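A.B. asks: Here it is, the structure, as structure tokens.
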Amino acid sequence: MATPLVDEAPSTVATAATLTRRPGRWIDGWDPEDAGQWAVEGRSVARRNLGLSVFAEFLGFAVWALWSIVVPQLPAAGFDLTVDQMFWLIAVPSLVGATLRIPYTFAVPIFGGRNWTIVSAMLLLIPTVSLALAVQNSDTSFGVLLLVAALAGLGGGNFASSMANISFFYPEREKGRALGLNAAGGNIGTAAVQFAVPIIIVGAAGVQLERAGWMFLPLILIAAVLAWRFMDNLSNAKSDPRTYGVAARSRHTWIISFVYIGTFGSFIGFSGAFPTLLKAQFPEVTMSIAFLGALVGSVARPAGGWLADRFGGSRVTIAAFAIMAAGTVSAIFALREHAFGAFLASFLVLFTATGAGNGSVYRMIPAVFRHGVTDDADRARRAKAAAGCLGIAGAIGAFGGFLIPRGFAYSTNHTGNIQAALWVIVGAYVVMAAVVWAIYQRRGSSFGTTKI
């Protein structure tokens, strides 16, 4: 029999009594917009689920980025790979992870947020154990390595399901902050794995790459057990597949998705390639500093959202692209001079701007779809479109993590270095900034002087 979550004073029982638990940690009657329910029980339940969601998503991002730090160590472990093959191993996890993001979003309403967190965490055992087994033999073929690297994409899908789950727990007035914390906490997983793996794989017998996979086993099991024991499923967490149809019919969905390739795609793409770039361009420098790029990009994401609230998402996004372009140009000249300090500083500026841009683009989405609302029915339709846009943009943006490493491989094969690819990226930033300005900032546009 369902039992009340609380038995409080008479003034709160009427609201709190509607919250009941069922076996399997299912909660009925969840309504975060109900101020009484939120104050009595809702806030503590939401915070507990957010904290555990961040941990699980953190591991997902870490597994997704695992090959970014393993690949530059493969030659030391006896593997003989071409530059093109190494960039394929870096790129393919992003391709798979981006593709999985939309189906992962629908998993939460179907299975429950707690249940899917357990499943998605346990699925991470597949890429980590596979990696540990594959790298023990330097005769492992490139095809097998590519398949195992593709399995790491399972971690990339975790972001979408985690964000979808947490969005159901929080009221609209607190949803932006909660989702920002959830996203930033997950992004930091990229920095953490790039910091930890170079330390852990060093053993008495030399580089022991299998440790990069085995190190995750206890963490994955802990995440699954914590989710099983302390997270909750919401019976009213429903996702309408039609939101994607509504969003797909809006040109703004595709414009924002294009822009998000520039911000999030740059973050995940450069994060994946940065350790290999350091190893190739500055072999005299320890790779242990490679995590700094992903770290500053992750930390900057909430700051970008805050700046977008204050100054408007489109303005912050344009500024982010300008800084990203400047950082990339500076990195090109640093490469020409073989100036490591300038190269590192340029990339840290670039990473910071990508993180801020991630936050500002996500804050743009509700503002864009809210503009020009005519009535309640139109407001409801636009809210669905905004929700669908979040999912579509998150998936498409992640494809940048595939495009950037493949661009570096093409540039290296045809010109001998990555500078041509970096110039193409600078041009893309200029185009993306111009698109944002023309559609969302230009006084003559349909948005006029509205702060989008």
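A.B. asks: Among the candidates LEU125, LEU131, LEU151, single out the residue that is open to solvent by less than 10 Å² (accessible area, probe 1.4 Å) and more than 26 Å from ARG301 (Cβ to Cβ). Talk me through it step by step, then tell me what you get.
C.D. replies: Numbers: LEU125 fails: open to solvent by less than 10 Å² (accessible area, probe 1.4 Å); LEU151 fails: open to solvent by less than 10 Å² (accessible area, probe 1.4 Å).
Only one candidate passes the filter, namely LEU131.
A.B. asks: Another question about this same structure. If you take the residues in segment 276-300 that are at pLDDT 90 or above and of a type in the set (Gly, Ala, Ser), which one is most open to solvent (accessible area, probe 1.4 Å)?
C.D. replies: Checked segment 276-300; the qualifying residue most open to solvent (accessible area, probe 1.4 Å) is ALA280.
A.B. asks: While we're on this one: Just to be sure I understand the filter: pairs with C-beta atoms under 8 Å, separated by 6 or more residues or on different chains, first member in segment 361-374 and modelled with pLDDT of 85 or more, second member among the hydrophobic types (A, V, I, L, M, F, W, C) and open to solvent by 50 Å² or more (accessible area, probe 1.4 Å). Which pairs pass?
C.D. replies: These pairs meet every condition: TYR362/LEU390; ILE365/LEU390; PHE369/ALA383.
A.B. asks: Touching a Leu at 6+ places or on another chain (Cβ under 7 Å), of a type in the set (A, V, I, L, M, F, W, C) and touching a residue at least 12 places away in the same chain (Cβ under 8 Å), is that true of LEU89?
C.D. replies: Yes; evaluated as a whole, the condition is true for this residue.
Residues checked against (1) open to solvent by less than 60 Å² (accessible area, probe 1.4 Å); (2) under 18 Å from the mean Cα position of the chain (by Cα); (3) at pLDDT 95 or above:
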| position | (1), (2), (3) |
| --- | --- |
| GLY357 | yes, yes, yes |
| GLY388 | yes, yes, no |
| ILE392 | yes, yes, no |
| PHE399 | no, yes, yes |
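A.B. asks: Sort out which residues of segment 401-452 are without any contact (Cβ under 8 Å) to a residue 24 or more places away in the chain, open to solvent by less than 60 Å² (accessible area, probe 1.4 Å) and among the β-branched types (Val, Ile, Thr), and write them in order of number.
C.D. replies: Matches in segment 401-452: none.
A.B. asks: Please enumerate the residues belonging to segment 165-190 that are open to solvent by less than 50 Å² (accessible area, probe 1.4 Å), within 16 Å of THR105 (Cα to Cα) and not small (Gly, Ala, Ser).
C.D. replies: The answer is ASN165, ILE166, PHE169, LEU179, ASN182.
A.B. asks: What tally of residues in segment 17-33 results from selecting those that are more than 30 Å from the chain's Cα centre (by Cα) and open to solvent by 40 Å² or more (accessible area, probe 1.4 Å)?
C.D. replies: Residues that pass the stated criteria total 5.
A.B. asks: Go through VAL259, VAL285, VAL299 for me and flag whichever is touching a residue at least 24 places away in the same chain (Cβ under 8 Å) and over 19 Å from the mean Cα position of the chain (by Cα).
C.D. replies: Result: VAL285 is the single residue among VAL259, VAL285, VAL299 that is touching a residue at least 24 places away in the same chain (Cβ under 8 Å) and over 19 Å from the mean Cα position of the chain (by Cα).
A.B. asks: Here's a follow-up. For segment 122-141, enumerate the residues that are part of a loop (DSSP other than H, G, I, E, B) and within 25 Å of ASN49 (Cβ to Cβ).
C.D. replies: LEU124
A.B. asks: Quick one: which residue in VAL40, VAL108, VAL96 is assigned to a helix (DSSP H, G or I), at pLDDT 95 or above and of a type in the set (A, V, I, L, M)?
C.D. replies: Of VAL40, VAL108, VAL96, the one residue that is assigned to a helix (DSSP H, G or I), at pLDDT 95 or above and of a type in the set (A, V, I, L, M) is VAL96.
A.B. asks: Which residue out of SER266, SER235 is hydroxyl-bearing (Ser, Thr, Tyr), in contact (Cβ under 8 Å) with a residue 40 or more places away in the chain and crowded, with 16+ Cβ neighbours inside 10 Å?
C.D. replies: SER266
A.B. asks: In addition: Being under 17 Å from VAL193 (Cα atoms) and among the small types (Gly, Ala, Ser) is the filter; apply it to segment 131-177 and report the residue that is nearest to the chain's Cα centre (by Cα).
C.D. replies: Step by step, filter segment 131-177, then rank; the result is GLY156.
A.B. asks: Quick check on this structure: which one of ARG381, ARG442, ARG406 is among the basic types (Lys, Arg) and either modelled with pLDDT of 95 or more or farther than 30 Å from ARG310 by Cβ (or both)?
C.D. replies: On inspection, the qualifying residue turns out to be ARG406.
A.B. asks: Consider GLY313 against the criteria (1) open to solvent by less than 20 Å² (accessible area, probe 1.4 Å); (2) under 24 Å from ALA290 (Cα atoms); (3) among the small types (Gly, Ala, Ser); (4) touching a residue at least 60 places away in the same chain (Cβ under 8 Å): it satisfies all of them except one. Which criterion is unmet?
C.D. replies: It fails just one condition, (2).
The values are calculated or read from the model by the stated rules, or taken from the named source; none is laboratory data. Here the structure is a predicted model, which means the values were calculated and not measured. Cβ coordinates were reconstructed from backbone atoms using ideal geometry, including for glycine residues, and neighbour counts include every protein chain displayed. These area figures cover heavy atoms from the full protein model, side chains too; ligands, DNA and RNA do not enter into them. Shrake-Rupley method; radii C 1.70, N 1.55, O 1.52, S 1.80 Å.
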